[in-house]
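The values are calculated or read from the model by the stated rules, or taken from the named source; none is laboratory data. Bear in mind that the values here come from a model prediction, so they are computed numbers and not experimental data. Don't worry about glycine lacking a Cβ; one is built from the backbone with ideal geometry, like all the others, and counts go over all protein chains shown. These area figures cover heavy atoms from the full protein model, side chains too; ligands, DNA and RNA do not enter into them. Shrake-Rupley method; radii C 1.70, N 1.55, O 1.52, S 1.80 Å.
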Amino acid sequence: MKKIAIIGSGFAGLALSFYLTKEKQRDFDIDLFYDQDIDKSASGVSTGLLSPYSGMYATSVDDALLAFDELCSIVRILEEREQTNIFLSKGIFRLASEKRQMKAFEKRVRKSSDTSLVSSKDLKEKFPFLLKDYQGLYIEKAYSLNAPIYLKALHSFLKKEKGFNFVQKEVKDLSELREYESVFLAAGQGSLKFFSQEDIKEHGLNLVKGQVLEYEIPKEEQVFSQPLVTTKYLIPKEDENSLLLGATFEKEFESPKIGQSEELERLKLKGYDLFPPLKKLKVKEQRSAIRLCSSYHRPLWGRLNEKVYLLTSLGSKGLLFHALLAKELVKAFFAKEKPKKTLDSPLLWKP
Ligand SMILES: Cc1cc2nc3c(=O)[nH]c(=O)nc-3n(C[C@H](O)[C@H](O)[C@H](O)COP(=O)(O)OP(=O)(O)OC[C@H]3O[C@@H](n4cnc5c(N)ncnc54)[C@H](O)[C@@H]3O)c2cc1C
């Protein structure tokens, strides 16, 4: 029997596995290599925000809605097969902290019927603790998802597949995988060492750290039920009586370890600014991970050579794009030709 190797069991590696095992023409076994427990990878640490309109200005690309729907269809299959709840909540509030942002939101609402503007009065009613008079955008088609539960459901789904094996082992060099017909590189930050210096430079590959604090919400206390997002974000996890606090733009930190107290204090201060009652809440857990980003701010996918396929550098949009790109890459792999579909994410296709 032929064998295929996948390196990585984060969003990218598991979605590739999902589509590879679904394919009826499959005439090979699959070994998936991973070197981190599920909850330690960037995917496991991820706060699980999924929105087709991302960033400060709620911008979008053509593929975003397609990608959103693709992930939702995987989640639906998993929720049914694994009898679990993966989505935490539907609908996200994005606050505008400057005029330019509000202009961009107005433009978004004119284009997308699943978004609406929110007045400062409505925001104050919904989030009475807000210290400033914000206006904002409500995105109906944006969800928050419990990332560790999603990953565990994919694991459990794949474990039942014939000829599919999880192998806990670090792949140090691709030459270790000689016996495999093809290799899918989906190793997140661990992918960097498999790229040439020229590729790293050409695609602007770089590492960015992200951190999350999970606060305990006392049972008798009620907080809001939908995520609140600015350059920092608060995501309620009602089932677990907790609240996640995260922030973007932590580029200056390079250690993969959980931040020193100074870094965490900065994150906490960002949180207090948005939701002052945080000061009274207890931190239940702190997590951090490094993600691989590219200068395109989009995932990089395609083929490094005849044997090695890749889906990596998912950056901060990993959740949104991984399912669609995994599906298209698997299609191209079986068709033995370059993907037909033109997507916004840069395709690297070497002979
Ligand atoms: C704090 C934080 C919050 C985030 N929040 C969001 C969010 O809300 N929404 C969103 O879309 N994105 C978010 N992201 C980004 C998102 O998490 C990443 O884009 C995504 O998880 C990357 O997935 P991946 O599969 O490429 O890599 P990873 O999840 O990092 O997985 C890499 C896998 O490769 C394995 N591996 C690596 N090297 C080797 C090797 N040599 N041998 C064997 N195995 C190897 C690891 O064990 C792991 O299983 C967040 C990231 C962080 C850090």
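What the table below lists for this structure:
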item: Qualifying positions in segment 131-141 - aliphatic (A, V, I, L, M) and within 18 Å of Q101 (Cα to Cα); result: L137, I139
item: Residue within segment 194-204 that is in contact (Cβ under 8 Å) with a residue 40 or more places away in the chain and among the aliphatic types (A, V, I, L, M) present; result: no
item: Flag for T21 being touching a Gly at 6+ places or on another chain (Cβ under 9 Å), open to solvent by less than 40 Å² (accessible area, probe 1.4 Å) and more than 15 Å from the ligand (Cβ to nearest atom); result: yes
item: Selection count where residues are assigned to a helix (DSSP H, G or I) and not acidic (D, E), scope segment 176-234; result: 11
item: Identity of the residue in segment 6-46, small (G, A, S) and part of a helix (DSSP H, G or I), that ends up farthest from V75 (Cα to Cα); result: A42
item: In segment 179-202, the residues that are surrounded by fewer than 17 Cβ atoms within 10 Å (Cβ to Cβ) and polar (S, T, N, Q); result: S196, Q197
item: Top-ranked residue in segment 125-140 [being crowded, with 20+ Cβ neighbours inside 10 Å and modelled with pLDDT of 95 or more; ranked as nearest to D114 (Cα to Cα)]; result: I139
item: All positions within segment 276-306 that are more than 22 Å from the chain's Cα centre (by Cα) and either within 11 Å of the ligand (Cβ to nearest atom) or open to solvent by less than 60 Å² (accessible area, probe 1.4 Å) (or both); result: P276, P277, L278, L281, V283, L304
item: Selected residue (only one of L49, L66, L88 is open to solvent by 10 Å² or more (accessible area, probe 1.4 Å), within 15 Å of the ligand (Cβ to nearest atom) and over 24 Å from Q189 (Cα atoms)); result: L88
item: Qualifying residues in segment 112-121 (those that are more than 27 Å from the chain's Cα centre (by Cα) and surrounded by fewer than 15 Cβ atoms within 10 Å (Cβ to Cβ)) - the one nearest to K99 (Cα to Cα); result: S119
item: Selection status of S113, in the same structural domain as A289 (by TED's automatic domain parsing) and over 30 Å from E328 (Cα atoms); result: no
